1. For the list (1) more than 17 Å from Val135 (Cα to Cα); (2) within 14 Å of the chain's Cα centre (by Cα), I need the number of the one condition that Glu15 fails.
2. Answer with yes or no whether Val56 is at pLDDT 90 or above, under 25 Å from Val142 (Cα atoms) and open to solvent by 80 Å² or more (accessible area, probe 1.4 Å).
3. Among residues belonging to region 15-42 that are surrounded by fewer than 13 Cβ atoms within 10 Å (Cβ to Cβ) and not hydrophobic (A, V, I, L, M, F, W, C), point out the one that is farthest from Asp90 (Cα to Cα).
4. Collect the residues in region 64-97 that are surrounded by 12 or more Cβ atoms within 10 Å (Cβ to Cβ), of a type in the set (S, T, N, Q) and without any contact (Cβ under 8 Å) to a residue 40 or more places away in the chain, keeping them in residue-number order.
5. So the check is Cβ under 9 Å with 6+ separation or different chains; which pairs have a first residue in region 136-156 that's on the phi > 0 side of the Ramachandran plot and a second one that's in a loop (DSSP other than H, G, I, E, B)?
6. I'm trying to understand the selection: among the residues of region 115-174, which are farther than 24 Å from Ser52 by Cβ, modelled with pLDDT of 80 or more and charged (D, E, K, R)?
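The values are calculated or read from the model by the stated rules, or taken from the named source; none is laboratory data. If you're wondering where the values come from, they're calculated on a predicted model, not measured in any experiment. Ideal geometry is used to build each Cβ from the backbone, glycine not excepted, and the neighbour counts take in all protein chains shown. For accessibility, only protein heavy atoms count, side chains too; no ligands or nucleic acids. Shrake-Rupley method; radii C 1.70, N 1.55, O 1.52, S 1.80 Å.
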Amino acid sequence: MYIQKGGVKLSVVSEVGKEAVVGILGPGDFFGEGCLAAQPVRMGIATAITPSTVLVIEKSEMFKVLHEEHGFSDRFIKFMLARNIRIEEDLIDQLFNSSEKRLARTLLLLARYGKEDQPHGVLPNLSQETLAEMVGTTRSRVNFFMNKFRKLGFIKYNGDLQINTSLLSVVLHE
């Protein structure tokens, strides 16, 4: 599937019912590619978090386009490699960083900092519960750090959540 407009949350649920958000995707992103590798069972859930337009591409059509349209194939491979790198970085972040650093990194990634070809700085409306599921901590810890970030001028609330690049100092500070 290809997101033309809007946003999609990817999540997984454990056997005991605990949900973990593994990604927030936006326009220009793909998801559901596991079927191309003959993944027999869906591993997660995709949920629209804003009004979205998603193009459903049949498996046979996707294979055809990947073989025939080299520009599209290059774009898809670039996206998949970037997502794989991001997943590796997320795992390293989870293993070695505090929940405060993980939240700061998550906010910066959601605001699309570092992606020059995309608008950045303002986040879609996400609950603190969703952020907690992404970071791997509790909602109360997210609330504590969000208030701290706001007081330090790293973020602003005014209907939307605006992220200041100075939040990088939290991620880079040892």
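1. That leaves (2) as the condition not met.
2. Numbers: at pLDDT 90 or above: yes; under 25 Å from Val142 (Cα atoms): no; open to solvent by 80 Å² or more (accessible area, probe 1.4 Å): yes.
Considered against the rule, which asks whether it is at pLDDT 90 or above, under 25 Å from Val142 (Cα atoms) and open to solvent by 80 Å² or more (accessible area, probe 1.4 Å), Val56 comes out as no.
3. Pro40
4. Ser73, Asn97 - these are the residues of region 64-97 that are surrounded by 12 or more Cβ atoms within 10 Å (Cβ to Cβ), of a type in the set (S, T, N, Q) and without any contact (Cβ under 8 Å) to a residue 40 or more places away in the chain.
5. Gly153/Asn164
6. Arg139, Arg141, Lys148, Arg150, Lys151, Lys156
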